[in-house]
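Just so it is clear, none of the values below were taken in a lab; they were calculated from the coordinates. Remember, predicted model here, so these are calculated numbers, not experimental data. All Cβ positions, glycine included, derive from the backbone under ideal geometry; neighbour counts span all protein chains shown.
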Amino acid sequence: MLVLGIETSCDETAAAVVDGDGKVRAQAVLSQIAEHQPYGGIVPEIAARAHLSHLDRLIAKAMADAKVEYADLSAVAATAGPGLIGGVIVGVMTAKAIAMVHGVPFIAVNHLEGHALTARFTDGVQFPYLLLLVSGGHCQLLVVEGVGRFRRLGTTMDDAAGEAFDKVAKLIGLGYPGGPAIERAARDGDAARFAFPRPLKGRPGCDFSFSGLKTAVRVAAEALPEMTEQDVADLAAGFQAALVDSTADRVARAIAQFRTDYPGGRTLVASGGVAANTALRAALTAVSKKNGLSFVAPPVALCTDNAVMIAWAGAERLKLGLVDGLDIKPRPRWPLDPAAVPVRGAGVKA
Ligand code: KG4
Ligand code: ZN
């Protein structure tokens with residue numbers, strides 16, 4: 001089995017070829033960070049145009065590096081949502097064209113399912129498992145029951161975790177993307193200097209909220225006569241510690257529910273860009289150990305957006321015979337658990 005995967009839903013243009021045994025045959029990723037940096041965040045129109053300019057070349061490179069002919073592909077899989085719709089359209093149309101011209105099946109992959117199934121690719125994690133999905137657009141706790149089968153236990157009521165990192169970074173003068181910048185700055189900071197709130201800590205349920213924490217950082221920053229390098233480090237460290245602490249509390253609650261409802265479940269998985277954060281990984285390792293689960297987080301390059309995860313999700317679907325027609329439409333929103341009650345709040349994306 002050989003699957004070509006295409007990812008264009010955010011600010012990474014990526015193509016990869018994986019096989020059914022979980023080996024990467026080739027991959028090519030182009031980050032658009034430099035294009036968006038002057039604006040302090042992702043500009044959707046610029047992202048869509050950049051995907052259009054680079055995708056063909058990246059696919060050709062991945063195919064050439066993998067030494068694979070299009071006709072040898074078992075399927076072509078593309079992110080069909082959720083994400084910035086201009087970019088998603090570029091990826092889906094390209095995949096459909098390849099599928100049509102070369103007569104290979106097309107698979108529409110939910111970007112979040114790509115993140116969700118990565119741990120099966122890297123570590124062979126068995127269903128069911130508990131997943132903390134933390135990225136720039138999403139912050140959810142889900143039980144992954146199987147391919148295409150998710151049960152949401154909690155979600156953010158306002159900002160996603162990565163969005164909180166990005167907004168706070170901007171606020172304290174660190175560049176985009178904010179997560180890695182905050183993590184770097186926090187290394188030299190005193191996390192105890194500012195007493196930031198731990199949103200929802202100790203409260204029932206598994207939902208998240210980060211906008212109050214972001215406001216607390218802003219108020220603290222504005223109260224400083226001027227922001228020195230040490231102030232920035234202390235604010236970054238204090239913010240990161242509060243976000244990690246609050247997240248670990250929500251995860252502990254989700255683990256309790258998961259262990260009750262799925263006695264056979266053994267693993268907590270973290271995925272999405274924020275799962276690259278070392279402090280978060282350490283806290284999740286501790287909370288898993290304390291509550292009797294093992295913890296798995298894919299290597300950083302497979303936590304942030306990439307096409308390997310899309311190709312792999314395509315391979316998992318293909319094994320179950322789940323292929324799509326060429327009439328499938330790209331979707332800006334596409335919840336993994338359609339039965340979950342929609343949460344409404346500032347900044348909620350899905
Ligand atoms: O999964 P991803 O690459 O794209 C989305 O689908 O959103 O996640 C990007 C997000 C950004 O908000 C970025 O700031 C955050 O992940 N991020 C981090 C780290 N690396 C990336 N957040 C905290 N610590 C990091 N080391
Ligand atoms: Zn993502």
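Remarks
- Where only DSSP H runs of four or more residues are counted, the chain gives -14000 deg cm²/dmol as its mean residue ellipticity at 222 nm, each run worth -39500 (n - 2.57).
- Using C-alpha pairs under 8 Å with a sequence gap of at least 6, the mean separation divided by the residue count of the chain gives a relative contact order of 24 percent.
- When the trypsin sites (Lys or Arg not before Pro) in segment 37-120 are filtered for DSSP coil states and for at most 10 other beta-carbon atoms within 10 Å of their beta-carbon, the remaining sites are 67.
- Sites count as exposed loop sites when they are GluC sites (Glu not before Pro), lie in a DSSP loop, and have at most 15 other Cβ atoms within 10 angstrom; the longest stretch of the chain without one is 70-225.
- Annotation: extensible slack from residue 326 through residue 190 equals 43.6 nm (criterion: 0.36 nm per residue apart, minus Cα-Cα distance).
- Using a Förster distance of 41 Å, the FRET efficiency for residue 285-residue 93 (Cβ separation, nearest 0.05): 0.50
- Diffusion constant of segment 126-300 at 37 °C, which comes from Stokes-Einstein with the Kirkwood Cα-pair radius and 0.692 mPa s, µm²/s: 202 µm²/s
- Along segment 92-98 the Karplus relation, 6.51 cos²θ - 1.76 cosθ + 1.60 evaluated at θ = phi - 60°, assigns HN-Hα couplings of 5, 5, 5, 5, 5, 5, 4 Hz to successive residues, with x for each Gly and Pro.
- Per-residue extension of 0.36 nm, minus the Cα-Cα distance of residue 319 and residue 56, leaves a gain of 92.0 nm for this segment.
- Spatial separation of Cα centroids for segment 66-105 and segment 7-57, in angstrom: 14 Å
- Residue 175 long-range amide H proximity, modeled H, under 5 Å: none
- Trypsin sites (Lys or Arg not before Pro) within segment 258-350, DSSP loop, no more than 13 other Cβ atoms inside 10 Å: 333, 344
- The modelled label-to-label distance for the pair residue 223/residue 149, using points 7 Å beyond Cα in the direction of Cβ, is 5.1 nm.
- Long pairs among 201/289; 23/319; 214/289, criterion Cα-Cα beyond 22 Å: 214/289
- Inter-centroid distance (Cα atoms) of segment 129-199 relative to segment 242-298, Å: 13 Å
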